[in-house]
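Chemist: There's a structure below that I have some questions on.
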Amino acid sequence: MNPLVLSLLILSLGLGTTLTFASSHWLLAWMGLEINTLAIIPLMAQHHHPRAVEATTKYFLTQATAAALILFASMTNAWITGQWGIQQMDQTIPTTMLTIALMLKLGLAPAHFWLPEVLQGLDLTTGLIMSTWQKLAPLALLVQIPNLNSNLLIFIGLISTMVGGWGGLNQTQLRKVMAYSSIAHLGWMILIVSFNSKLTLLALSMYILMTTSMFLTLKINNSLDMNTLATSWAKTPILTALTPLILLSLGGLPPLSGFMPKWLILQELTKQELPLTATIAALSALLSLYFYLRLSYAMALTTSPNTTINTAPWRLKTNQNSIPLSTSIALTAMLLPMTPTILAI
């Protein structure tokens, strides 16, 4: 792709998300979401592969449906109340429609079917943008809406954590595994958004950090399925030894950083007198942990039978991903002691 066109598309991605962040009017927020969607579509289809075109078409149709529903919900609220402000979204029917539309945009269960198929058709760099940056604007809108239906959000959150766990169990394609991981993590964020929005932002930050580490690792190893993970020890042994830390952090095991948001969310749910919800969420995290352990086993505890000393480059080549990867791995593994400081902010 032409560097000028690529720069324009990336700037448009940033503009769309920033416009949604900064807007207090539903029409401006909708415009930001549309700019965001239209900017990433050429990035998704840039390889001109039939699979990429199929993924782009699915993504466009899904996002267009969600955007139309957002516009309809905001117009309905304006018709009832005479207000277009995001903070004035206090009617039950428009708020419910808007929650469903944002659920479709984010890929939350039970409207999650498009996300694994779309992510599977993308390259790892665009998949990273899809899994991280594209979640920011819809979640920002969800956090700003007052009077959210907490029962609906708890239902969506629990279904998402369970679907994210069950769906990833039988996958061998790594991009689909990361898609189901995204669904499960977003479920945890949605569980708590109506009670403590700061915890949602903390969980989102940790998710972006861990997902970035994982995608950069897969990109350096050029791994797209579990079969290629078994040969990664010969290609990048140091990185392969550290990757289980990323995977276990994604699973939420202590003493790694991924344990922090899960711990605080379970604590907050218990404070809100929802022990059953907290128990179901904690048990559903075990499903996700299983497929993270599968990936760890395939990557770090198996040795490819045809590796020799001559074909094993034992030193990680310095490239443009090395510094962000090393930084993100360190933060993914060692942020848990910062929990009291983060809570004090």
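Chemist: So, with a 1.4 angstrom probe, what is the percent of accessible area on the chain that is carbon and sulfur? The partial results should precede the final answer.
Modeler: Values: 10570 of 15430 Å².
Solvent-exposed carbon and sulfur of the chain make up 68 percent of the total.
Chemist: Could I ask something else about it? Which order do Lys135, Lys58 take by accessible area at a 1.4 Å probe, largest first?
Modeler: Solvent-accessible surface, decreasing: Lys58, Lys135.
Chemist: Give the total of Lys-Lys pairs in the chain with Cα-Cα distances below 14 Å; include a pair only if its members are 8 or more places apart or on different chains.
Modeler: 6
Chemist: What number, in percent, do you get for the relative contact order of the range 174-269 if the mean sequence gap of Cα pairs under 8 Å and at least 6 apart is divided by its residue count?
Modeler: Worked out over the range 174-269, it gives 32 percent.
Chemist: Moving on. What is the spread of the Cα atoms of the range 137-271 along each of their three principal axes, largest first, in whole Å?
Modeler: In descending order, the Cα extents are 53, 27, 26 Å.
Chemist: Give me the log10 of I(q) over I(0) for the chain at q = 0.09, 0.10, 0.14, 0.15 Å⁻¹, as the Debye formula computes it from C-alpha points; what are the numbers?
Modeler: -0.49, -0.60, -1.17, -1.33
Chemist: Which order do you get for Leu174, Leu27 if you rank them by accessible area with a 1.4 Å probe, largest at the top?
Modeler: Values: Leu174 5, Leu27 75 Å².
From most accessible down to least: Leu27, Leu174.
Chemist: Long-range amide H contacts for His25: which residues qualify at under 5 Å (H placed 1.01 Å from N, peptide plane, sequence gap of 5 or more or a different chain)?
Modeler: For His25, whose amide H was placed from the backbone, the distant partners under 5 Å are Ile86.
Chemist: For the range 1-66, what does the accessible surface come to per residue with a 1.4 Å probe? Please give it in Å².
Modeler: Normalised by residue count, the accessible surface of the range 1-66 is 53 Å².
Chemist: 5 Å is the cut-off here: which amide hydrogens, built 1.01 Å from N in the peptide plane, fall below it relative to Asp225, excluding neighbours closer than 5 in sequence?
Modeler: Leu174
Chemist: Over the range 93-234, give the accessible area per residue in Å² for a 1.4 Å probe, as an integer.
Modeler: 30 Å²
Chemist: While we're here: How large is the convex hull of the C-alpha atoms of the range 33-132 per residue, in Å³? Write down the numbers at each step before the final one.
Modeler: Details: hull volume 9.0 nm³, N = 100.
Measuring per residue, one finds 90 Å³ for the Cα hull of the range 33-132.
Chemist: Further, regarding this structure: How would you rank 260-272, 115-127, highest first, on the average number of other Cβ atoms within 10 Å across their residues? The partial results should precede the final answer.
Modeler: Details: 260-272: 18.7, 115-127: 21.5.
Top of the packing list down: 115-127, 260-272.
Chemist: Hey, another quick one. Can you list, bin by bin at 5 Å, the percent of alpha carbon pairs in the range 64-206, starting at 0?
Modeler: Once binned at 5 Å, the Cα pair distances of the range 64-206 give 2, 10, 20, 22, 20, 13, 8, 4, 1, 0, 0.
Chemist: What figure in square angstrom, to the nearest 10, would you give for the accessible area of Phe155 with a 1.4 Å probe?
Modeler: Surface open to solvent at Phe155 totals about 110 Å².
Chemist: Here's another thing I want to ask about it. With θ taken as phi - 60° and the coefficients 6.51, -1.76 and 1.60, list the Karplus ³J(HN,Hα) couplings across the range 156-168 in order, rounded to whole Hz; mark glycine and proline as x.
Modeler: 4, x, 5, 4, 5, 5, 6, 5, x, x, 5, x, x
Chemist: Using a Gaussian network model on the chain with a 10 Å cutoff between Cα atoms, which of Phe113, Phe21, Phe215 fluctuates the most?
Modeler: Result: Phe113 has the largest fluctuation of those listed.
Chemist: Something else now. Can you give the accessible area of Arg294 in Å² (nearest 10), computed on protein heavy atoms with a 1.4 Å probe?
Modeler: 60 Å²
The values are calculated or read from the model by the stated rules, or taken from the named source; none is laboratory data. Note that the structure is predicted; figures quoted are calculated from it, not measured. In this analysis, Cβ positions are derived from the backbone assuming ideal geometry, glycine residues included, and neighbour counts consider all displayed protein chains. For accessibility, only protein heavy atoms count, side chains too; no ligands or nucleic acids. Shrake-Rupley method; radii C 1.70, N 1.55, O 1.52, S 1.80 Å.
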